[in-house]
Amino acid sequence: MSLKNNLTKVDRRDAKLAMAHIYVAFIALLLGGLAGLLQVFVRSGQFTLPAGIGYYQVLTVHGVLLGLILTTFFIFGFQIASVSRTSGTFSNGQRRLGWIGFWLMTIGTAAAAVMVLLNEASVLYTFYAPLKAHWIFYLGLTLVVVGSWVGGAGQILRYAQWRKENKGSGQRSPLLSFMVVVNNLMWFVATLGVAVSVLFQLLPWSLGFIERVDVALSRTLFWYFGHALVYFWLLPAYMVWYVIIPKVIGGKIFSDSLARLSFMLFLIFSVPVGIHHQLTEPGIDATWKFIQVVLTFAVIVPSLMTAFSMFAMFELRGRELGGKGLFGWFKKLPWKDARFFVPFIGMLAFIPGGAGGIINASYQMNQLIHNTIWVTGHFHLTIATTAVLTYFGAAFWLIPYLTGRTLTKSLNNLGNFAAILWAVGMTIMSSAMHIAGLIGAPRRSDYSEYGGAQQAYDWIPYQIAQAVGGTILFIAIIIILYIVVKLAWFAPKGEEEFPVGEVHENGGTTPAILENFKVWLVILVALILFAYTIPIIDIISNSPPGSKGYKLW
Amino acid sequence: MANKKKSDENLKGSLYAVFGVGIIIILLWVYCFDLFINRF
């Protein structure tokens, strides 16, 4: 393989590893999407699940398959291809780590899924105590996490090899690979919380070695992981926005420094903020809740930096194409190109999604929406539109690139149609969820009429709207899966581009500190110790007797 | 003429757009804060 090819083509063996992850991701999309459709039907009050299937079982299938499996597997497929494309082909050892990670994750997923389908693990995707699952479910999740560590290590080692080979060259490391490494490091640090909870609390409890567990500690360890999980979903979408989209629209990356700085800020502010999910938790002191709320608000800084960077990249390109006036450049963007249009809808959804997130994290105001279906509406905008539509937009060029096929014009147009359908369905469903939440409708409940309670009658029209929106979304999922199948096996053979943007000539030089992982990791660890040490000591030293496990349905 | 050309090369649109996003966030926050004050 020539040097040029080596820098622009992903090695076939790496492509196979990436595609293995992507297949699992899209199988999860089909099953998880079907479970979501059943849920909105049940919540409409017009449908009862057949054959003894439980609502909470379906809810767990939906959450675990879409929130944990679709995301993690797609992200890993995308990251493997990205590192191979920008840092170079994996060594046999690095690729072996990738395969070991893949099989551990796949076996773990299968084990956890079987337990959920047998109704032995209807503990929702948050899976903290006191709801108790079969030990095989926890073991399965452990394998998923350990597998992601092993696979992630392979990607980091390839990046480290690039840095070693280019030491002293004065070059900044490839931006896309750098971003992958940031995301993996955040994932390693975040998953430590859930690993501690599963290994020392949930597994021994489920196996009967211990009778009771500390519920507040279990929840706190979950949310230590759980909020960073949100950024593990989002950062790959940001990778596409920062690095891929500039090339797709024919423009340049606005600033390499800004992109790296925003990723490092996400790294340090994603983990020490989990307590903002526990603002109504009685066992945590208000001071520490306030401190973590402040740290949460710090995430707004890199978020708005990203927003500015995107607008600036669009404006520079639009003006280059002749766009005049304050917003004339906007019309010049390639609206018919699914590789741009589909992620763009995701970007738009992040405006109301981010705004809702600020309300969720606003301490006292959290009482307004806590445990209401507003929260479900919120994360269906952030993860299920912003992140997922960006993944789909990326899949439209990544899959044919990896399989040696091409995105045809008709598939491109179908992709745009699916994204419009998604936007319509999600606007209906998510808006209805937000409004119903504000008037008190709970989330995670299979009751629709609440025994004829007067207040519940106000929620019914919104629940029917959710069923309408959810049905439209399921149709969009079927279209997306059709496109994926065509791109993987049936589209015409050819060469699709893996678009990687170049930095704008006025982007400035990138300070070396932005690539100094040691410095940022020390700040991250210091912030975590500051934000979590005293709350966890408080929880352990003042906790009531632990709880037995419950299986309620 | 020179000034007009300059205005087409700036990032004024991006600046307004980001401020627009900020205003949407603040308006939604104020609406929910009003609900919160009325309810609690």
State the number of residues belonging to segment A:471-510 that are within 22 Å of the chain's Cα centre (by Cα) and part of a loop (DSSP other than H, G, I, E, B).
3
Quick one: count up the residues across segment A:307-317 that are within 7 Å of chain B (Cβ to nearest Cβ) and among the charged types (D, E, K, R).
1
Condition first: out of contact with any Cys (no Cβ under 6 Å at 6 or more places or on another chain), small (Gly, Ala, Ser), touching a residue at least 24 places away in the same chain (Cβ under 8 Å) and under 20 Å from A:Ala15 (Cβ atoms). Can you find one or more residues in segment A:404-417 that meet it?
yes
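Residues checked against (1) of a type in the set (A, V, I, L, M, F, W, C); (2) away from every other protein chain (no Cβ under 13 Å):
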| site | (1), (2) |
| --- | --- |
| A:Ile284 | yes, yes |
| A:Arg319 | no, no |
| A:Gly346 | no, yes |
| A:Thr372 | no, no |
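Got a sec? Which of A:Gln155, A:Gln171, A:Gln161 is at pLDDT 95 or above and surrounded by fewer than 17 Cβ atoms within 10 Å (Cβ to Cβ)?
The unique qualifying residue is A:Gln161.
This table checks each residue for (1) in contact with a strand residue (DSSP E or B) (Cβ under 9 Å, 6 or more places away or on another chain); (2) over 30 Å from A:Trp135 (Cβ atoms).
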| residue | (1), (2) |
| --- | --- |
| A:Ile478 | no, yes |
| A:Val484 | no, yes |
| A:Trp489 | yes, yes |
| A:Val500 | no, yes |
| A:Val503 | yes, yes |
| A:Leu521 | no, yes |
| A:Leu527 | no, yes |
| A:Tyr532 | no, no |
| A:Gly546 | yes, no |
Out of segment A:15-70, which residues are surrounded by fewer than 22 Cβ atoms within 10 Å (Cβ to Cβ) and basic (Lys, Arg)?
A:Lys16
Among residues of segment A:348-370, those that are at the interface with chain B (Cβ under 9 Å from one of its Cβ atoms) and under 23 Å from A:Leu124 (Cα atoms), counted:
4
Just to be sure I understand, how many residues within segment B:8-40 are more than 9 Å from every other protein chain (Cβ to nearest Cβ) and either more than 28 Å from A:Ile439 (Cα to Cα) or modelled with pLDDT under 75 (or both)?
1
Which numbered condition A:Leu407 misses (of (1) part of a helix (DSSP H, G or I); (2) surrounded by 23 or more Cβ atoms within 10 Å (Cβ to Cβ); (3) among the hydrophobic types (A, V, I, L, M, F, W, C))
(1)
Of those in segment A:321-344 that are part of a helix (DSSP H, G or I) and facing chain B (nearest Cβ under 9 Å), the residue surrounded by the most Cβ atoms within 10 Å (Cβ to Cβ) is A:Trp329
Quick check: is even one residue across segment A:219-235 among the small types (Gly, Ala, Ser) and either modelled with pLDDT under 95 or outside any helix (DSSP H, G or I) (or both)?
yes
Hey, can you tell me all the residues within segment A:96-129 that are surrounded by 20 or more Cβ atoms within 10 Å (Cβ to Cβ), part of a loop (DSSP other than H, G, I, E, B) and either hydrophobic (A, V, I, L, M, F, W, C) or at positive phi (or both)?
A:Ala121, A:Val123, A:Phe127, A:Ala129
State which residue is nearest to A:Trp374 (Cα to Cα) when the search covers only segment A:448-481 and only residues that are hydroxyl-bearing (Ser, Thr, Tyr) and surrounded by 14 or more Cβ atoms within 10 Å (Cβ to Cβ).
A:Tyr462
What are the pairs, 6+ residues apart or on separate chains, where a residue within segment A:278-300 that is assigned to a helix (DSSP H, G or I) has its Cβ under 7 Å from a residue that is surrounded by fewer than 16 Cβ atoms within 10 Å (Cβ to Cβ) and modelled with pLDDT of 95 or more?
A:Trp288/A:Ile534
Can you find a residue that is more than 19 Å from B:Tyr31 (Cα to Cα), assigned to a helix (DSSP H, G or I) and aromatic (Phe, Trp, Tyr) anywhere in segment A:368-376?
no
Helices (runs of 4 or more DSSP H) contained entirely in segment A:1-95, each with at least 1 residues that are at pLDDT below 90 and closer than 26 Å to A:Tyr242 by Cα
A:3-8
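The values are calculated or read from the model by the stated rules, or taken from the named source; none is laboratory data. Bear in mind the structure is a predicted one, so any value in this text is a computation, not a measurement. Please note: Cβ atoms are built from the backbone with ideal geometry, for glycine as well, and neighbour counts cover all protein chains shown.
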